[in-house]
Structure formats: C-alpha cells, structure tokens
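One structure below.
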Amino acid sequence: MKKFLMVLLSILIIISGAYAQGGNESDSQELVIYSAASEGEAEALSAAFNKIHPEIKITIIRAGSGDLATRVKTEWPKPEGDVILLMGAENLAQIYDMLQGYKSVNHDNFDPENRDNQSDPPKYYGTSMPLQAIMYNTNLLSPEDAPKSWKDLADPKYRGEIVLANPASSGSAYAQLYMMYKLYGMDFVGDVVKNTTYVASSTAGPDSVARGEYAITVTGEMNIGKKIAEGDPVAYVLPEEGTGRRIEGSAILANCKNLESAKLFIDFMTSKEAFQIVRDECFRRAVSTEVPGPEGLPSLSEMRFFPYNDEEAAALKRDLVTQFNSFL
C-alpha cells in the first residue's frame with residue numbers, strides 16, 4: 001500500500017507539473033511590448049506579427065529609451081513587459097543583466113556587429129541602425145554654406161542657427177554627445193553648446209528646421225528621410241568624419257510573464273519581413289543586408305563610420321550629461 005501511495009503521489013506531481021505548464025502556455029497568448037519606437041512604428045510591426053500569430057493579444061507601452069530603461073530597473077525582478085522594441089544598444093547595455101538570452105531562428109543571418117556578441121545565446125538582436133547625420137534647410141543655407149562635418153558645428157558663424165535635442169532627455173541626442181566627445185573632447189562640446197538651442201524631443205529639431213525656424217540640426221536618418229519624402233526643403237549631410245555605427249535592438253526581458261510569445265516576437269523582428277517594414281513604414285535603416293537603405297539616403301557602402309562603443313557610452317552617460325549641463 002505504501003508503495004502504491006508513493007507511485008500515486010508521483011503521478012499527481014507529474015500531472016500538476018503538466019497542468020502548470022499548460023497554464024504558462026495560456027499566458028503565452030499575450031505579449032506586452034515596451035517600445036522605444038514611435039506609436040505608429042510599434043503598431044505597424046505588431047500588426048504584421050499578429051497576421052502570423054493572431055492568437056496573441058498585444059499591449060504596447062510607449063516611452064523614450066531612457067524612461068524605459070528606468071522602468072525596467074524599477075520593476076526588476078518582476079517586469080510587467082515581455083520584450084523591448086527598438087532600443088538603442090547603449091540603453092540596452094544599462095539593463096543588460098535584466099535581459100533574457102535567446103537564439104533566434106534567424107540567428108545565422110546576423111553578423112556579430114549587428115547583435116549582442118557578449119552572451120551565448122545573445123541577449124538582443126539589432127533591428128535598425130539609428131545613424132546620425134546633419135540636416136539643413138535648403139531655403140536658409142546653400143550646399144556650400146551648410147556644415148560639412150561635426151567640427152563645423154562649433155563654428156561661430158552658425159551661432160543661433162542650430163537646434164538639437166537635449167542629451168539628458170533624448171537617447172539619440174546622448175549618442176550625438178558621446179560621438180562629439182570621442183571625436184574632439186568636451187571643450188569642443190562646449191563650443192557647440194554656444195551655437196545651439198536645445199529642445200526636449202528628438203523630433204522637435206527636425207520639425208523646426210523643416211519649418212525654417214532654424215537652419216541646422218543633427219538627427220537620425222529616419223527623421224531626415226521622412227522630411228525628404230514629405231517634400232520639405234531639407235537636405236542630408238553625412239559628416240566628413242563619418243558617423244558612429246549604432247544599432248537599435250529588440251530583446252526579451254528576463255523573468256517576463258509571456259516568454260513563449262516573446263520568443264516568437266524576436267523571431268519575427270529578426271526576419272526579412274520585419275526589416276522591410278522597418279525600412280518602408282518606419283523610414284529606418286534595417287540591419288539586414290537583404291533590405292536596402294531608406295529611399296533618398298546613401299547606401300551603407302557609401303558611408304564612413306567611426307567606432308561607437310555601446311558599453312562605454314552607457315558607462316559615461318552620467319558624467320558626460322553632467323558636464324554638458326554645466327555648459328548651459
């Protein structure tokens with residue numbers, strides 16, 4: 001009888017374990033996305049994912065990269081989100097220990113420089129390349145008079161003509177700050193600050209230049225491509241020094257509630273179909289070599305890059321932003 005009871009108890013444990021796993025499967029019918037992309041971009045990508053997996057209910061929570069990183073830290077070790085969408089690698093580095101490693105079904109299509117290569121399996125995959133470039137208003141400046149380089153941004157002749165996002169509130173603006181620091185040091189940054197009006201949003205600068213309120217901004221290619229496509233009087237300049245090779249990635253949050261849904265989403269975000277949406281509907285430069293760059297912008301083969309160290313950028317952020325603030 002004792003042996004029978006032990007066998008019965010073992011069977012009950014196995015059944016309860018299977019039932020618990022079944023409960024986890026029901027959880028996988030949902031997905032919470034923490035999106036650093038715009039609302040429209042997140043919705044376009046989510047809609048395409050839902051065509052493949054219509055059974056999964058998606059909730060999108062939109063915020064800036066810095067705010068999302070802070071939220072993840074605050075919620076840890078029990079995140080409310082399941083995946084991160086289109087967050088800059090320097091911000092992913094801030095929450096790296098809170099990301100779940102996963103080998104995508106498309107892993108072999110990725111060069112190491114376009115994904116996390118510190119962990120096996122990787123903790124994130126690149127989705128797009130938020131390359132920074134100069135944009136100027138063609139009604140206010142001729143091609144000859146427009147800045148050609150990062151160094152030109154410190155030229156006193158452009159005083160009052162430049163508008164940039166504040167690196168304390170914008171992830172892309174901090175990337176610009178880090179790049180300028182690496183190229184020419186913080187004294188140079190101070191000279192740029194003298195010429196510049198700073199705004200909170202990374203889209204406010206391009207909007208102001210397109211309207212002719214300012215002549216020059218530095219912004220992501222996505223913003224320049226959109227303005228050119230809309231027929232605004234703006235032009236694109238890749239700085240003579242080149243630009244930092246950055247990536248925005250998508251990742252799974254460790255301890256997330258809907259792990260199986262999150263894995264399916266990463267599989268989708270590393271697919272050619274997702275990269276095509278990134279290019280065509282988001283005006284972003286996809287990391288895939290199968291998908292060309294945004295219309296009207298140069299191909300990667302025409303571009304010059306200098307090193308961009310995501311981990312160093314993350315480690316220096318507090319110090320560089322503090323020094324930047326002292327110039328205002």
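At a glance:
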item: Conditions (1) part of a helix (DSSP H, G or I); (2) at pLDDT 95 or above; (3) surrounded by 18 or more Cβ atoms within 10 Å (Cβ to Cβ): number failed by G66; result: (2)
item: Test: residue in the stretch 243-265 that is without any contact (Cβ under 8 Å) to a residue 60 or more places away in the chain and either touching a Leu at 6+ places or on another chain (Cβ under 8 Å) or open to solvent by 40 Å² or more (accessible area, probe 1.4 Å) (or both); result: no
item: Subset of the stretch 295-328 [among the small types (G, A, S) and modelled with pLDDT of 85 or more]; result: A313, A314, A315, S326
item: Flag for D280 being free of Cβ contacts under 8 Å to residues at least 60 places away in the same chain, over 30 Å from K57 (Cα atoms), among the charged types (D, E, K, R) and open to solvent by 10 Å² or more (accessible area, probe 1.4 Å); result: no
item: Top-ranked residue of the stretch 304-317 - restricted to ones that are farther than 16 Å from G185 by Cα and charged (D, E, K, R), ranked as surrounded by the fewest Cβ atoms within 10 Å (Cβ to Cβ); result: R304
item: Top-ranked residue in the stretch 21-56 [being within 13 Å of E260 (Cα to Cα) and at pLDDT 95 or above; ranked as farthest from the chain's Cα centre (by Cα)]; result: E55
item: Residue within the stretch 218-226 that is open to solvent by 50 Å² or more (accessible area, probe 1.4 Å) and at negative phi present; result: yes
item: Residue among A235, A229, A204 that is closer than 17 Å to L140 by Cα and either buried (at least 19 other Cβ atoms within 10 Å of the Cβ) or in contact (Cβ under 8 Å) with a residue 12 or more places away in the chain (or both); result: A235
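The values are calculated or read from the model by the stated rules, or taken from the named source; none is laboratory data. Not measured: the values here are computed from a predicted model. Because the Cβ atoms are built from the backbone with ideal geometry, glycine has one as well, and the counts that use them run over all protein chains shown. SASA here: full protein model, heavy atoms, side chains in, ligands and nucleic acids out. Shrake-Rupley method; radii C 1.70, N 1.55, O 1.52, S 1.80 Å.
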